[in-house]
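Below is one structure, written out as structure tokens, with a few remarks after it.
Read-outs: derived from the displayed coordinates by stated rules, not from any lab. Only a predicted model underlies this, so the values are computations on that prediction, with no experimental measurement involved. All Cβ positions, even for glycine, are placed from backbone atoms using ideal geometry, and neighbour counts span all protein chains on display.
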Amino acid sequence: MDPVVHFELPCDDRERLARFFERAFGWKAQMFGPEMGNYVVVTTAEQDARPDAPRGAINGGFFTRTAEMPAQFPGIVIAVRDIRDSMRKVGEAGGQVLGEPMDIPGVGAYVAFLDTEGNRSSMLQPLPMGR
């Protein structure tokens, strides 16, 4: 079974959204620059979804809406062992993979997809721990 390990929310103003979640829920935001698509990583728990983490605790991120990206809605990120094999399975199950995997330095390979109902989610093949 492949677990949910991350969530993503789209935004128009990343600073405003980060301030909201910090003030409302105490989340911490780490903002990246253009080389990482201006992505914002948000920490919602002291530990992320590792085997020793509190049950059900995951962290997430915010991405800036752009005209080029399809299906910019809240979504989940699912950890997979083999991203290419999982891309094939998504297609066989009736979903649609949105492009090719991109490498996120220090994290792993990532690609978004649509399920059979048009919901946008993503999958991540994490790098081995300690890399």
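Points to keep in mind about this one:
- Burial ordering of Glu92, Glu15, fewest other beta-carbon atoms within 10 Å first: Glu92, Glu15
- Shape category assigned to the chain from the gyration tensor of Cα positions, a/c cut at 1.5: oblate
- Segment 85-107 residues near the modelled Ser122 label - backbone nitrogen below 16 Å, point 7 Å along Cα→Cβ: 87, 97-107
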